[in-house]
Amino acid sequence: ETKILAKSSSNVFLMPIGELHNMKFNGNKENLCVYHNGSWVKAKTIRLPATDMYKIKTSNEKSVVATGNHLFPTLRGDVRADQLRTDDYILFNTMALDSFPEKDDCLTYEQGFLIGMYLGDGSIDAHGPCQQTVNFSINENKYNSCIDKMNKALADMSIEGSFTLGKPINNVYPVRFYGNALAIIIRKYVTGNYANEKRLDASVYLQSKEFRHGIVDGLYATDGGNNNRIYSTSKGLIEDIECLCSTLGLNTIIDVSDRTDEPVIIRGKSYTRNYPLYCLRWYEPKNKRTMGDIFKIVNNGMYFRVSEVSPIDDYAH
């Protein structure tokens with residue numbers, strides 16, 4: 001079930017290893033590469049005979065299932081999965097991925113910022129096949145801090161015109177762009193219409209670092225909180241942003257708050273929470289070389305503590 005970021009001559013994949021292995025080769029997996037520490041590395045999938053398997057979980061809530069002889073780089077050297085201890089620290093990715101020249105759309109930070117804002121607070125209304133409106137529902141502070149970047153993104157996309165501000169209601173600033181041009185570009189990089197189903201198209205992982213940073217910052221500006229936190233009811237989107245952060249050399253932790261049995265009160269009205277709320281937080285150590293028993297930084301490498309090592313008998317049958 002472990003998900004992996006991979007690319008071929010024709011596609012980009014963020015999917016479980018099992019699905020990738022079972023995918024037909026022709027038209028899908030020619031020149032297969034996997035993402036590894038800031039680079040695309042040639043790879044192939046293999047199927048092994050039944051053997052002892054171990055689940056390894058780290059202090060930032062990442063887990064992987066591996067064969068007992070799988071080697072992990074730790075502070076005491078390469079250590080087999082079946083020999084890991086809970087006082088070990090495993091090396092994580094800290095290098096950013098460059099754009100892939102053959103697929104690079106030369107996108108800017110502001111274009112990414114607008115895509116990120118749409119993921120957080122955007123929607124598209126269709127008024128027939130030839131007229132679509134892109135809407136953003138933001139507050140006054142977000143409007144004032146974001147509108148210049150939003151209009152800059154339109155210019156970078158060679159789209160004429162600017163965003164229109166409707167009448168604010170209860171501190172909700174309705175910002176709109178009329179016409180198909182922006183909607184077409186957004187739908188190229190975002191799938192899903194509603195908050196709980198929005199996803200990033202995997203092609204974003206091949207774009208510039210500036211564009212990818214913009215997506216994270218735009219989503220943080222709309223659905224973010226203090227201390228590098230992003231919230232969403234879309235589990236898929238949180239996984240996509242987790243992967244996006246990894247391509248930027250950022251390590252993350254994901255928490256989930258399932259309060260679907262609790263009502264939420266908005267302006268005196270009670271509403272039902274229909275979906276769990278996911279929270280992604282990324283680590284920016286800055287001057288910290290250690291953080292309790294969470295991570296250590298040694299020689300520019302970021303190592304997270306092993307919190308659990310357990311054999312999985314089911315995988316051996």
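The values are calculated or read from the model by the stated rules, or taken from the named source; none is laboratory data. Quantities reported herein were computed from a predicted structural model and do not represent experimental measurements. All Cβ positions, glycine included, derive from the backbone under ideal geometry; neighbour counts span all protein chains shown. These area figures cover heavy atoms from the full protein model, side chains too; ligands, DNA and RNA do not enter into them. Shrake-Rupley method; radii C 1.70, N 1.55, O 1.52, S 1.80 Å.
Among residues of the range 133-152 that are within 15 Å of residue 164 (Cβ to Cβ), those with a Cβ under 6 angstrom from a residue that is charged (D, E, K, R) and assigned to a helix (DSSP H, G or I), sequence gap 6+ or separate chain, pair up as 136/121; 137/121; 138/121. Does any residue of the range 252-274 turn out to be open to solvent by 50 Å² or more (accessible area, probe 1.4 Å) and assigned to a helix (DSSP H, G or I)? No, the conditions are met nowhere in the range 252-274.
Assessment of the range 131-141 against the conditions (in a helix (DSSP H, G or I) and either surrounded by fewer than 13 Cβ atoms within 10 Å (Cβ to Cβ) or modelled with pLDDT under 95 (or both)) yields at least one matching residue. Scanning the range 74-87 for residues that are outside any helix (DSSP H, G or I), without any contact (Cβ under 8 Å) to a residue 24 or more places away in the chain and within 16 Å of residue 308 (Cα to Cα) yields a count of 2.
Scanning the range 231-245 turns up no residue that is over 24 Å from the mean Cα position of the chain (by Cα) and either of a type outside the set (Phe, Trp, Tyr) or open to solvent by 60 Å² or more (accessible area, probe 1.4 Å) (or both).
Restrict the check to the range 189-197 and report whether at least one residue is among the hydrophobic types (A, V, I, L, M, F, W, C) and part of a strand (DSSP E or B). Taking every residue of the range 189-197 in turn, at least one turns out to be among the hydrophobic types (A, V, I, L, M, F, W, C) and part of a strand (DSSP E or B).
Every test in (1) open to solvent by 60 Å² or more (accessible area, probe 1.4 Å); (2) in a helix (DSSP H, G or I) is passed by residue 111 save one, and that test is (1). Here residue 61 clears all of (1) under 24 Å from residue 295 (Cβ atoms); (2) in contact (Cβ under 8 Å) with a residue 24 or more places away in the chain; (3) in contact with a strand residue (DSSP E or B) (Cβ under 7 Å, 6 or more places away or on another chain); (4) open to solvent by less than 40 Å² (accessible area, probe 1.4 Å) except the condition numbered (4). Within the range 43-70, the residues that satisfy the criterion of being outside any strand (DSSP E or B), modelled with pLDDT of 90 or more and among the small types (Gly, Ala, Ser) are 43, 59, 68. Applying the condition of being part of a loop (DSSP other than H, G, I, E, B) and among the aliphatic types (A, V, I, L, M) to the range 15-37 and asking which residue is farthest from residue 245 (Cα to Cα) yields 23. Looking at residue 159, is it open to solvent by less than 40 Å² (accessible area, probe 1.4 Å), touching a residue at least 12 places away in the same chain (Cβ under 8 Å) and assigned to a loop (DSSP other than H, G, I, E, B)? Yes; evaluated as a whole, the condition is true for this residue. Residues in the range 165-188 that are open to solvent by less than 20 Å² (accessible area, probe 1.4 Å) and assigned to a strand (DSSP E or B) were compared, and the one that is nearest to residue 134 (Cα to Cα) is 177.
Of all the numbered requirements in (1) in a strand (DSSP E or B); (2) open to solvent by 70 Å² or more (accessible area, probe 1.4 Å); (3) over 18 Å from residue 304 (Cα atoms), residue 40 misses one, and that requirement is (2).
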